[in-house]
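Structure, as structure tokens:
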Amino acid sequence: MKLLTRHYKLYLYIALPLFVIVAIGYYFFLLRIITNKADESLKEDKAYIVSQLYNTDKILDQYLLDMSDDYILKKAKDETIIKDQFSTLMIYDPTEDEEEPYRQLFCTISVQDKHYELTLRKSMVEYNAIMYSILLLGTVFSIMLAAGFTILNRVLTKSLWSPFYKTIDLLSSYTPEVKQRLHLPKSQIEEFELLNTTVAKMSEKIHNDFGKQKKFIDHVSHEVQTPLSVINANIENILQSKNLTTEDFQFLENISESSTKLSKVIRSLLLLSRLENDQFEGSEQVEFYGLFKKHFDKNHDYLENKSIQLNFESKGSFWHQMNPMLADILVSNLVQNAIRHSTHNGRIWLTLIVDSDKSVLELSNMGKSTFTDPKSMFEIFKKGSNQPESTGIGLSIVKEICNKYSLDITYEVEGLMHKFRLEK
Amino acid sequence: MRLLLVEDETKLLRSILEYLKDEDYIIDTAHTYHDAVDQITLHTYDCVVVDLMLGDPMGDGFDIIKTLKLYKSECGIIIISAKNSLEDKVTGLEIGSDDYLTKPFHLAELKARIRSLLRRRMHHGFDHVEYGGIKLIVDKKEVFLNGERHNFSSMQFDLLMFFIANKEKVVTKTSIADHLWPDEYSYGSYDFLYTHIKNLRKKLQAGQCDYLENIYGVGYKFEVK
């Protein structure tokens, strides 16, 4: 929920009941005023009638009783004195065909020892009409005020929060790989300025850490591979010597093989480290089935040498958005793994199954039975026995790349069949 | 032919010099950015081999290449770098380098690349290699053994080129395998290599040009006896 929406919601929760209470109070207040007004008017009428009674004593008998519906003067039955009694009542009006509210004054009057009962009535219709007009006007004004306030609030908020949204925009597109720094706009508002400086500080730190890590990896690379180059180069020069024995050649080959392996391990570890540090920029749509075929093609010498038969089966294609170099490494590692662990005269299957909601690429090879726990297959330095040439990092790299691009990789073994499933 | 080697590791530099001593190249060396720039301003080179990371705050390998381009040098440029980074390869090609070699490399490979680069720059189109009765027409991938044309597969042609580039030297199986197949593949077995070499040997024997000698299972030597 947006802050503004939340603001309005809270506002509505508080303001609406308040508005209703005020409206009801206002209504009763108005009602009280007009009732008082009517009562006063009735009292004035009563005073007038009483004064008339004093003056025109004789006529009274004739005019008695019904002067009209609104003035009823009757001779009292007894001499009980009743003081002014006000009440509101509904009386049917035949012309309008509806009940109409009236205010009534009932009392007894004694004039020259004669007792009368006086009932005075006043229609409240007009008073009510005025009251409702006032109420309506009040309501309309309140709603207009609230609406105006809301619109104003919206406009103001938009301009007030714009630095915040600008910061968020810049942050969401920021990656530490990008060479340029994060430049946040200056804001007049203290809170946003605080946010910006804090974020800027953090991004600076991330940027520096990223740079340091990157530099570190480059330096390790240089500092390790250069001495290995020296070792290899020296071996190559020694090999040119004319006085070497068979044993010498064997020793030199051992050194050469070990240094080559060391260089490969370092390279793989650094790749893993770069993956963890997110040092791979850029991505494009990569089609995996074709990529697998391409890598099997590249390896046809090895396949031929082991007399491995390939079986491809595909319905459709397997596209995924990712860094093309990492896709290449991923596929190359899986293909190499399958060939390396395949038995002579064995078979390798590559099957692509495309469903509406997911694609599955299965790479299976016939190999030796294994006691390795399938779950630990992707752990670093986990390798099958009798595989001195494998570094044990290849599948960890595969796993790491898959994690990075939300691909699912699983391994299962059934007898002599080893199967890797790549899913998206 | 005049070459410049820029590399901050003296031991590596010395090994490269030793390996290349049989070729009639004049080779200058530089350890720092400053040295390299001095040499560039003084001499005209046919080929410059430059390490990207020099540990020199004044400038790295890229800066040297930029300086070369500034002097409108037409020399071939080979980058050697400890980083197997696509980014660096692309940057290198963009600013005008011709080749990129990742450390640790085989001296045999470096030599083959230098030769190939120099050859490409010398002959424009009529590029050929000759050794002991063998003649290779590089751009057409044609092989003549004692004047007679023989059919070689692309792989056999590359293999032969590599041997001739490193003629009279022991080349290891690893360096041959790494030359023929992308280095990310390693199977620890050279059976497939033996097959290719056996086939190459058969063809060479057919033209009476088999100069290939097996060296104690470590590698091979291509030499006219």
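A few notes on this one:
- Considering only A:F29, A:V398, A:I91, and ranking their Cα positions along the charge dipole of the protein assembly as shown that arises from unit charges at the beta-carbon of Lys, Arg, Asp and Glu, the one farthest toward the positive end is A:V398.
- Computed FRET value (nearest 0.05) for A:L4 with A:T175, which takes r as the C-beta separation and R₀ as 22 Å: 0.15
- Taking label points 7 Å from Cα along the Cα-to-Cβ direction, B:L86 and A:D248 give a separation of 4.5 nm.
- Segments B:157-164, A:410-417 sorted - mean Cβ within 10 Å per residue, highest first: B:157-164, A:410-417
- Stretching the chain fully between A:I14 and A:D357 yields a gain of 118.8 nm (0.36 nm per residue, less the alpha carbon separation).
- Test item: Cα-centred dipole of segment A:164-308, Lys/Arg +1 and Asp/Glu -1 on Cβ, debye: 180 debye
- Between the alpha-carbon centres of segment A:163-203 and segment A:325-349 there is a gap of 45 Å.
- Using R0 = 45 Å, the C-beta based FRET efficiency linking B:D22 and A:K214 works out to 0.65.
- Contour minus Cα-Cα distance for A:F381 and A:I134 (0.36 nm per residue): 80.3 nm
- Note on A:S110, A:S406: ascending count of other Cβ atoms within 10 Å places them as A:S406, A:S110, the fewest first.
- Cβ neighbours within 10 Å from other chains - mean over B:96-105: 4
- Charged side chains reduced to their Cβ positions (Lys and Arg at +1, Asp and Glu at -1) give chain A a dipole of some 1760 debye around its Cα centre.
- Prolate/oblate/rounded call for segment B:2-90, Cα gyration tensor, a/c under 1.5 rounded: rounded
- Sequence-distant aspartates and glutamates (8 or more away, or on other chains) whose Cα lies within less than 16 Å of A:K37: A:D45, A:D84, A:E126
- Reach of A:K166 by Cα under 22 Å, taken over lysines that are not fewer than 8 positions away in the same chain: A:K2, A:K158, A:K179, A:K186, A:K201, A:K205
- Rounded, prolate or oblate (a/c below 1.5 giving rounded, otherwise prolate when a/b exceeds b/c) for segment B:102-225 by Cα gyration tensor: oblate
- When the Cα positions of A:L422, A:H183, A:I49 are compared along the charge dipole of the protein assembly as shown, A:L422 comes out farthest toward the positive end, with charges on each C-beta of Lys, Arg, Asp and Glu.
- Amide H contacts under 5 Å for A:D93, placed H, 5+ residues apart: A:E98, A:E99, A:E100
- Label-point gap, in nm, between B:K202 and A:E126 - each point 7 angstrom along Cα→Cβ: 12.8 nm
- For a paramagnetic label modelled on A:E284 (point 7 Å from Cα along Cα→Cβ), amide N atoms under 18 Å away belong, within segment A:305-345, to A:318-332.
- Protection proxy ranking of A:311-320, A:262-271, A:3-12 - average other beta-carbon atoms within 10 Å, highest first: A:262-271, A:311-320, A:3-12
- Anisotropy class of segment A:193-351 from Cα gyration tensor, a/c 1.5 cut: oblate
- The count of lysine pairs in segment B:81-168 with alpha-carbon distances below 17 Å, taking only pairs 8 or more places apart or on different chains, stands at 5.
- Peptide B:3-12 - average C-beta neighbours from other chains (10 Å radius): 3
- In order through segment A:113-119: 3J(HN,Hα) via Karplus (6.51 cos²θ - 1.76 cosθ + 1.60), integer Hz, x for Gly, Pro: 6, 9, 10, 10, 9, 10, 10
- Test item: B:13-22 mean partner chain Cβ contacts at 10 Å: 3
- Selection from A:G346, B:M155, B:C47 lying farthest towards where the dipole of the protein assembly as shown points positive, charges on Cβ: B:M155
- For segment A:233-258 versus segment B:138-165, the inter-centroid distance based on Cα atoms is 29 Å.
- The stretch between A:S314 and A:F86 holds 72.4 nm of extra length on full extension. This uses 0.36 nm per residue minus the Cα-Cα distance.
- Axial C-alpha extent at least 30 Å, average Kyte-Doolittle at least -1.0 - helices from chain A (DSSP): A:3-55, A:125-172, A:190-239, A:246-276
- Rounded to 10°, Cα long-axis angle of helix B:191-206 versus longest principal axis of chain B: 70 degrees
- Percent RCO, i.e. relative contact order, over chain A, from Cα pairs under 8 Å lying at least 6 residues apart: 9 percent
- A straight Cα-to-Cα reach below 18 Å connects A:K114 with the lysines A:K46, A:K58, A:K74, A:K75, A:K77, A:K83, residues fewer than 8 places away in its own chain not being considered.
- For chain B, a simple Cβ point-charge model (Lys and Arg +1, Asp and Glu -1, everything else neutral) yields a dipole of about 960 debye relative to the Cα centre.
- Summarising the amide proton neighbourhood of A:S314: residues at separation of 5 or more, or on other chains, whose placed amide H is nearer than 5 Å comprise A:L352.
- Between segment B:88-115 and segment A:405-424, the Cα center-to-center distance that results, in Å: 37 Å
- Derived scalar couplings ³J(HN,Hα) [segment A:75-91; Karplus, 6.51 cos²θ - 1.76 cosθ + 1.60; whole Hz; x for Gly, Pro]: 6, 6, 6, 9, 10, 4, 9, 10, 6, 3, 10, 9, 8, 10, 9, 9, 10
Rule-based calculations on the coordinates, nothing more; no lab input. This is a predicted model, so every value here is computed, not measured. As a convention, Cβ positions derive from the backbone with ideal geometry for all residues, glycine included, and neighbour counts pool all protein chains shown.
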